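See below for the structure under consideration.
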Amino acid sequence: MNELSKIIDSLEVKFFKMSKKLENLEKVNTELTQELTMIRDEMQQKNEKIRLLQNELESLKITNSLLGSEEYKKETKLKINALIREIDYCIAQLSD
């Protein structure tokens, strides 16, 4: 009977340790999930900022070329021609 008591005590100790480990792992999991959510939100904000900055850069390139800079003149002409084609297409659709 004494040996059975030792086994039960040992199992209780192991169970207690496992229970504590589980609690710790659940806590760590919760913290990591929160951190992941925070990082995803931050990444989304940064991606939005990058998109806005790219649009601003494109606008600045066009403005710069319209002010006489030779560097982006070709790009601006192509963009204007594309817009004119698009307008012509819309006018043609309205005419039909």
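Assorted remarks:
- Hits in the stretch 41-96 (condition: among the hydroxyl-bearing types (Ser, Thr, Tyr) and in a helix (DSSP H, G or I)): Ser59, Thr63, Ser65, Thr76, Tyr89, Ser95
- Selected residue [exposed (fewer than 10 other Cβ atoms within 10 Å of the Cβ) and over 25 Å from the mean Cα position of the chain (by Cα)] from Glu12, Glu3, Glu23: Glu3
None of the figures in this text is laboratory data; all of them are computed from the coordinates on show. Predicted, not measured: the structure shown is a model, and the values here were computed from it. Here Cβ is always computed from backbone atoms with ideal geometry, including for glycine, and neighbour counts include all displayed protein chains.
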